[in-house]
Amino acid sequence: MFSLQGQKALVVGIANDQSIAWGIARALRAQGADLAVTWLNARAEPHVRPLAEQLGAEIALPLDVSQPGATEAVFDEIASRWGRLDTLVHSIAFAPKADLHGRVVDCSAEGFAQAMDISVHSFLRMIRLAEPLMPQGGCCLSVSFFGSSRVVRHYNIMGPVKAALESAVRYAAAELGEAGIRVHALSPGPLATRAASGIDHFDELLAAATDRAPTHQLATIEDVGAMAAFLAAPEARNLTGGVHDIDGGFSITA
């Protein structure tokens, strides 16, 4: 029904074959997009490089957004190799363990700043670097969670962080809409990813979500990938600024 043939897409955040970013990358590739992918560091490379090769990624590089100049180096490579970018996928988030497992009111200033920088401001930095590579428009996607707008037990400081991410999506969408650059947040319900395993009692949240969702099914990384691929397609050119729930209807239940 739609195609991404010939599009150039950067996917940041693949950690393993359970990652949301992996589901998105596979969906983009299945629709014809050429891919650039990144891994966090040398420890992550053996897990991600084979996945990049499986996708036939044309560009594969390390990227730790907390390191000065690292993000710019990735976009410089894309500019040199491709000269343009059609889709940006930002699927990274982080909070120090002590702050993630503690009360929001007890979060350290340093931990709060680090969580906001990696989880939110890095997306804005990437959008700014992507903008000159999208002269004909494009799509920028990040990943959120319903703990942004409702209190989810044990989600703690990541709730305010994701709220900030969703607000940033709306403002970026408003600022870049005239240039044809769309900005969205994908908001799957609880998913059994390695990143989510760092949240206390996450297995309880998975069970509750399955029980409450009208479909009685958790979202999968394939579900998230399908939504991402559609939003990246030309057919979605008049959609922007959305926070898209992909959760079997869990978000509509009380």
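The values are calculated or read from the model by the stated rules, or taken from the named source; none is laboratory data. Remember, it's a predicted structure, so these values are computed and weren't measured experimentally. Neighbour counts are summed over all protein chains in view; Cβ atoms, including those assigned to glycine, are modelled from backbone coordinates with ideal geometry.
Values as computed for the structure displayed
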item	result
Qualifying residues in region 88-128 (those that are part of a loop (DSSP other than H, G, I, E, B) and of a type in the set (S, T, N, Q)) - the one nearest to residue 14 (Cα to Cα)	91
Region 142-151, subset crowded, with 20+ Cβ neighbours inside 10 Å and hydroxyl-bearing (Ser, Thr, Tyr), residue farthest from residue 22 (Cα to Cα)	148
Any hit, region 48-64, residues being surrounded by 21 or more Cβ atoms within 10 Å (Cβ to Cβ) and among the polar types (S, T, N, Q)	no
Of all residues making up region 209-230, the number that are crowded, with 16+ Cβ neighbours inside 10 Å and of a type in the set (D, E, K, R)	2
So residue 30, is it surrounded by fewer than 20 Cβ atoms within 10 Å (Cβ to Cβ) and farther than 22 Å from residue 73 by Cβ	yes
Pair list, Cβ under 8 Å, 6 or more apart: region 114-141 residue surrounded by 22 or more Cβ atoms within 10 Å (Cβ to Cβ) and modelled with pLDDT under 95, other residue outside any helix (DSSP H, G or I) and not small (Gly, Ala, Ser)	none
Matching residues in region 165-195 - criterion: being hydrophobic (A, V, I, L, M, F, W, C) and surrounded by fewer than 16 Cβ atoms within 10 Å (Cβ to Cβ)	174, 179, 192
